[in-house]
Protein chains: 2
Amino acid sequence: MENSKYHEIAEAAVQLFNKKGYHATSMQDIADYVGLQKGSLYHYISSKEELLERITSESISGFVRELERIVKKDISAKEKLEQAILMHFTRVTDNIPMTTILLRESFSLSDDPHELIKKATDHYLNLWSQIIEEGMKSGEFKSGDPRIAALTILGSCNWAYRWYQEGGKYENVEIAKYVTNMWIQGIIFV
Amino acid sequence: MENSKYHEIAEAAVQLFNKKGYHATSMQDIADYVGLQKGSLYHYISSKEELLERITSESISGFVRELERIVKKDISAKEKLEQAILMHFTRVTDNIPMTTILLRESFSLSDDPHELIKKATDHYLNLWSQIIEEGMKSGEFKSGDPRIAALTILGSCNWAYRWYQEGGKYENVEIAKYVTNMWIQGIIFV
C-alpha cells in the first residue's frame, strides 16, 4: 500500500521532471499531481533529490543489467554489438521521460549520489568498450579506439531522447535496426 | 566600452550556466563574477533569460552558417557529408561551455525565444537531411531515411559535449576524423 503510493509519487516526479525540469519542479507540484498534502509526501520520501536519485539509479541499472546479459553470451563481437545497439536504442526510446531525466538531470544531483550514477555509467561504458575491443582484436572490426567508438555509438542512440516521438512514422524497433545497420555497414555504398 | 562589458558579462554567463546550470545561476553570481553591483548588470542586459537567449542563438547561428557554406559547394554528397561531420564535431568540442548551454539549457527558454532556437535547429537539421538525401538519390549512399540518418549522425557528434576533454589523449580534430570514418565506412571489415 505504502509502496504503491511511493510508486505513484515516483511516477509523478518522472512526468514533472521531464516536462518542467528538475529545478523548476517543486514538492508542491508533486503533491498536487498525486493529490496529497505537501506534508504527507514526506511520509514516503525525504526530499526531491531522493526522487531524482532513485529515478536515475533505476534507469541506469536497467541499461547495465541488459548489457551484462549480452556481454556474457557466447556469440561474436559483431553480434554482441548489434544486440547492444538494438537494446540501447530501444530502451532509450521505450521510456523517454525516464531516459530524459537520466541524461539531462543527473548533473543536478549533489556529489555523493552523482558519483554513484557516474560510476554506473562508467561501468556501462566499459562494457561497451569491451565488446568493441573484442571485435577489434578478433579482426571483426576495423582498428581504432574502442572507448571513443563506444561513446560515439552511444551518443547516436542517446540523442533519440530528444527527437524520437511515439506514434510517429516508424516504431522505435525499426529505427533501432536502421541505426544498427548504419553503424555496422556505414552509410556509403562500397 | 559598453560592448566589451557586455561581452564580459556574456562570457561570465557562459561559464556559470555551464558549470552550475542555468536555473542554479543567479544574477548575483554573474555580478560577482564580473565584479559589478547586481543593479549595474541591468545597464547591459535586461534579464538572465536575455543572456541565455543570446548565447544559444549565437551558438546555433554559427553551426548554420558553416553548414550553409558546405551545402553550397560544388562537391559530391560524400564529400559534403565528410566536411559536415568534421565541422560539426570540431565546433561542438571547440567551445564546450557554449555548446553545453545550447544543447542542455535551451529548453529553459520561454516560448518565443525557444521557438526561434527550435526554428534555427530545424533549419540546420534540414540542411543535413538535404546532403544525405542528395547522396541517396545519386547512389553514393545506401537508401534509408535521410532525416533519421541525419539525427543519428548529429547525435553521435553532439554527445561529445558530455565526454570530450581538452588536453586529453587526442585533439578534437583527430577524433572528428575518426568519427567521420566510422560513419562513412562502418565499423566492420567488409
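Only the coordinates and a few stated rules stand behind these numbers; no lab work does. Just so it is clear, the model here is predicted, and its values are computed rather than measured. Here the Cβ positions follow ideal geometry from the backbone for every residue, glycine too, while neighbour counts run over all protein chains shown.
Numbers below:
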item: With Cα atoms, 0 to 90° folded angle of helix B:111-138 axis to chain B main axis; result: 20
item: Lys, Arg +1 and Asp, Glu -1 on Cβ, resulting dipole of the range B:49-185 about Cα centre, debye, nearest 20; result: 500
item: Among A:L103, B:S26, B:I184 the positive-end extreme of the charge dipole of the protein assembly as shown (Cβ point charges); result: B:I184
item: Amide hydrogen neighbours beyond the local backbone of B:I188, cut-off 5 Å, H modeled; result: A:K142
item: Using a Förster distance of 30 Å, the FRET efficiency for B:R54-A:Y170 (Cβ separation, nearest 0.05); result: 0.25
item: Ratio of Rg to Rh over the range B:1-46 (Cα coordinates, Kirkwood Rh, two decimals); result: 0.94
item: Leading residue at positive end of dipole, the protein assembly as shown (Cβ point charges), from A:I85, B:Q15, A:H43; result: A:I85
item: Dipole magnitude of the protein assembly as shown, debye to nearest 20 (Cβ charges: Lys/Arg +1, Asp/Glu -1, about Cα centre); result: 640
item: Rough spin-label spacing in nm, given labels placed 7 Å along Cα→Cβ, for A:E115 and B:K20; result: 2.3
item: Neighbour-count order for B:M136, A:M182, fewest beta carbons within 10 angstrom listed first; result: B:M136, A:M182
item: Greater than 19 Å apart at Cα, pairs in A:K20/A:K118; B:K72/B:K177; B:K118/B:K142; A:K5/A:K38; A:K72/A:K177; A:K169/B:K80; result: A:K20/A:K118; B:K72/B:K177; B:K118/B:K142; A:K72/A:K177; A:K169/B:K80
item: Simple Cβ-charge dipole of the range B:1-46, Lys/Arg +1 and Asp/Glu -1, about Cα centre, in debye nearest 20; result: 120
item: Principal semi-axes in Å for the protein assembly as shown [√(5λ), Cα gyration tensor, largest first]; result: 35, 29, 19
item: Estimated distance in nm for a label pair at A:S61 and B:N95, the labels positioned 7 Å out from Cα along Cα-to-Cβ; result: 4.2
item: Cβ-based exposure ranking for A:Y161, B:Y44, B:Y6, in which fewest neighbours within 10 Å come first; result: B:Y6, B:Y44, A:Y161
item: Between the range A:65-83 and the range B:144-189, the Cα center-to-center distance that results, in Å; result: 23
item: Gyration tensor (Cα) of the range B:49-185, equivalent ellipsoid semi-axes in angstrom; result: 25, 19, 12
item: Quotient of C-alpha Rg and 2.2 N^0.38 Å, computed over the range A:56-123; result: 1.21
item: Qualifying aspartates and glutamates (Cα of each under 18 Å from Cα of A:K137; at least 8 residues distant if same chain); result: A:D74, A:E79, A:E82, A:D145
